Amino acid sequence: MSVLSISLPDGSARELPAGSTVADLAASIGSRLAKAALTGVVNGAEVDLNVALADGDVVSIVTADSDAGRHVLRHSTAHVLAQAVTQLFPGAKFSVGPAIEDGFYYDFDLPEGRTFSETDLVAITSRMKEIVSANQPFTRSEVSARDALQLFSDQPYKCEIIERVTSGAADGVDADEVGSGDAISVYRNSPEFVDLCRGPHVPTTGKLGHFALMKVAGAYWRSSDKGPMLQRIYGTAWESKSALEEHLNRLIEAEKRDHRRLAVEQDLLSFPQELGGGLAVWHPKGAIVRKLMEDYSRDRHQSGGYQFVFTPHLANANLFQTSGHLDFYKDGMYPPMEMDNGTYYPKPMNCPMHCLIYRGRQRSYRELPLRLFELGTVYRYERAGTLHGLLRIRGFTQDDSHIFCTEDQMADEITSLLDFVLSVLRQFGFDDFEFKLSTRDLEKSVGSDEIWDKATTALREALNRHGVKYSVKEGDAAFYGPKIDIDVRDAIGRKWQLSTIQCDFNLPERFGLEYIGADNSRHRPIMLHRALFGSVERFFGVLLEHYGGAFPAWLAPVQVRVLAVTSQHEEYAQSLVKRMRAEGFRVDTSEADEQLGKRIRSAKLERVPFVLVVGDDDVKNNTVGVNPRGGDVIRDVKVDAFIAQLHDETRTEATAGNL
């Protein structure tokens, strides 16, 4: 065929001569696109620009200013990092180097146990820039496993990956490096450097350049402490100098907002070494905020028709055998405890126990949907190297709900759940959302085609009813049902995965859950898992960083601090504290034994929303000077007027989710 008809994402078609490549297609559309193009997607598969097209192909062009394009930039930059390290450190062994969110990394094993220094990172960066300037082409080829083993005979980690792929023992690490198929794909960008990779890559190293190496960390090979400890170099790469600078500035701001630092500065919580890793104790001020969060959650669930339940912190192994956790999740559980009446585990999830509550007696269709809610503490084993303050912790509390409903109720229930989730997230100050719908993996799933289709349609309809944009992650659902993941962006643009709505066909089957329908027959309910905060601890950590420690007035541990100008005004200051506490506000004072300016600065550092300063005129006129956080000082404000304002502000914020 002399002419190819190629379909574009907008539904239009373009004709090209036979033998044309993805790059030719980009050039036919326009010179700007040809210059910006990095890779292509042909019939859903990511490919290099030099791949030849066939008649009828559906093709999109990937550019650097897209998520897919940044992924390619970062993956290609990781290859250049490995190339630079092997040039500068002869005998270095390199293992895997994937693109990750906002960056990339590569793991190395240096000769004689040598470690990278900050000076080394400078030298590596300089060599990487030389490679970029050389505009070296990325060239793909495919070889047999035997030839690949010979090619990488001096790289033991690469050989292990090849052997695992050919023996059928491959995992996600291996698949990311090699992909599927009988042939092993490799990429060269110079005669001296070759790497295992499924691709695709940018056409030449000249497309790279806006990168920075960030840090070095230890990392076990295959994340197993039984394997060798490697050195991981982290980096970031972007499509432009301005995008890179914006990211680096965001990292500086993120460091200022680190919840671990803010928690100490504001006396909210701590991680005593005596407790062990991944466990926190909450100080009074932090506990106030946590209680407000939990009280708000309880109030919303109570008004939303949920029934409160409580379950124990550990259970017999038989429960987790029934639920499947010992088959699918044992690595994430704590070791068993042998007792006189059996083997017990700390619970990693609340759902099996909620199934027992449902199964406690015969259920009728008239009881459904049955909505159970628990602030339940769970325990999950996380490796020491993965722990990160409250964001990755070993013991945490979930605002956990499980809804048991009929198939016919599922669509309306999911729509209602999405309303609930969004209203709660908005209440806590998040209004920038990303939605992801995860669909069935045909090879790893339970349940009929009909119920999967019905559940997926219900999730899709809920998203459509809300008029939100969402991405579809094909085949990414858990084996027991499709789900919606909701990510939020915080004040500095970082993305956090918080809430999930998950359909489950598996646990009702495993636990034999039933209800008596209107036809007097037994039916299997659908189970919906839903957590709004995800976990109270992680949500608190995200909130603390989102607000930079400056919680809104309704959440602040101290809402008002009253400062007397001198000791002569202390009695009046104490009377204000007493009155506002009586009206339900969280108020304290700082005695006038230090200079006023120092006391005001201290209150500002603690992010107290309102500082009231009182002197002679205020005592005489029953007024206050209001120094609001982030605002201008207002003097001679009547006490009644300020209290009315505070009531209005905190009442509006604390009840907004119920309106």
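Numerical summary
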{"read-out": "Any pair with Cβ under 7 angstrom, 6 or more apart, that starts in segment 514-536 at a residue that is of a type in the set (Ser, Thr, Tyr) and ends at one that is assigned to a loop (DSSP other than H, G, I, E, B)", "value": "515/363; 515/368; 515/525"}
{"read-out": "Candidate set: segment 23-57, residues that are in a loop (DSSP other than H, G, I, E, B) and among the charged types (D, E, K, R); chosen: the one nearest to the chain's Cα centre (by Cα)", "value": "48"}
{"read-out": "Filtered residue count, segment 131-140, keeping only those that are out of contact with any strand residue (DSSP E or B) (no Cβ under 6 Å at 6 or more places or on another chain) and either hydroxyl-bearing (Ser, Thr, Tyr) or free of Cβ contacts under 8 Å to residues at least 24 places away in the same chain (or both)", "value": "1"}
{"read-out": "Among residues of segment 508-535, those that are open to solvent by 40 Å² or more (accessible area, probe 1.4 Å) and assigned to a loop (DSSP other than H, G, I, E, B), counted", "value": "6"}
{"read-out": "Members of segment 58-84 that are buried (at least 20 other Cβ atoms within 10 Å of the Cβ) and part of a loop (DSSP other than H, G, I, E, B)", "value": "64"}
{"read-out": "Any hit, segment 264-282, residues being assigned to a helix (DSSP H, G or I), open to solvent by less than 90 Å² (accessible area, probe 1.4 Å) and either among the basic types (Lys, Arg) or at pLDDT 95 or above (or both)", "value": "no"}
{"read-out": "Hits in segment 30-43 (condition: open to solvent by 30 Å² or more (accessible area, probe 1.4 Å) and either in contact (Cβ under 8 Å) with a residue 60 or more places away in the chain or more than 10 Å from residue 59 (Cβ to Cβ) (or both))", "value": "31, 32, 33, 34, 35, 36"}
{"read-out": "Candidate set: segment 461-477, residues that are assigned to a helix (DSSP H, G or I) and among the aliphatic types (A, V, I, L, M); chosen: the one farthest from residue 44 (Cα to Cα)", "value": "462"}
{"read-out": "Segment 8-22: number of residues that are open to solvent by 40 Å² or more (accessible area, probe 1.4 Å) and within 35 Å of the chain's Cα centre (by Cα)", "value": "3"}
{"read-out": "Qualifying position, being closer than 30 Å to residue 299 by Cα, touching an Asp or Glu at 6+ places or on another chain (Cβ under 9 Å) and surrounded by fewer than 19 Cβ atoms within 10 Å (Cβ to Cβ), among 366, 371, 359", "value": "359"}
{"read-out": "So residue 422, is it open to solvent by less than 10 Å² (accessible area, probe 1.4 Å) and either modelled with pLDDT of 90 or more or more than 30 Å from residue 556 (Cβ to Cβ) (or both)", "value": "yes"}
{"read-out": "Selection count, segment 572-587, where residues are at pLDDT 95 or above and either of a type in the set (D, E, K, R) or under 21 Å from residue 284 (Cβ atoms) (or both)", "value": "10"}
{"read-out": "All positions within segment 437-491 that are closer than 20 Å to residue 525 by Cβ and of a type in the set (Phe, Trp, Tyr)", "value": "452, 479, 480"}
{"read-out": "Selection within segment 106-125 - closer than 26 Å to residue 250 by Cβ, out of contact with any helix residue (DSSP H, G or I) (no Cβ under 7 Å at 6 or more places or on another chain) and either open to solvent by less than 60 Å² (accessible area, probe 1.4 Å) or acidic (Asp, Glu) (or both)", "value": "107, 116, 118, 120, 121, 125"}
{"read-out": "Conditions (1) within 18 Å of residue 83 (Cα to Cα); (2) open to solvent by 40 Å² or more (accessible area, probe 1.4 Å); (3) modelled with pLDDT of 90 or more: number failed by residue 200", "value": "(2)"}
{"read-out": "Residue ranges of helices (runs of 4 or more DSSP H) in segment 541-652 with at least 3 members in contact (Cβ under 8 Å) with a residue 24 or more places away in the chain and open to solvent by less than 30 Å² (accessible area, probe 1.4 Å)", "value": "570-582"}
{"read-out": "Residue satisfying all of: in segment 180-239; assigned to a strand (DSSP E or B) and hydroxyl-bearing (Ser, Thr, Tyr); farthest from residue 125 (Cα to Cα) among these", "value": "185"}
{"read-out": "Checking residue 91 against (1) surrounded by fewer than 17 Cβ atoms within 10 Å (Cβ to Cβ); (2) small (Gly, Ala, Ser); (3) part of a helix (DSSP H, G or I), the condition it does not meet", "value": "(3)"}
{"read-out": "Selection within segment 447-472 - crowded, with 17+ Cβ neighbours inside 10 Å and over 16 Å from residue 410 (Cα atoms)", "value": "470"}
{"read-out": "Selection within segment 44-53 - among the aliphatic types (A, V, I, L, M) and surrounded by fewer than 16 Cβ atoms within 10 Å (Cβ to Cβ)", "value": "45, 52"}
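The values are calculated or read from the model by the stated rules, or taken from the named source; none is laboratory data. For clarity, every value in this text was computed on a predicted model and none was experimentally measured. Cβ atoms come from the backbone with ideal geometry, glycine included; neighbour counts cover every protein chain shown. Areas reflect the complete protein model, heavy atoms only, side chains present, ligands, DNA and RNA absent. Shrake-Rupley method; radii C 1.70, N 1.55, O 1.52, S 1.80 Å.
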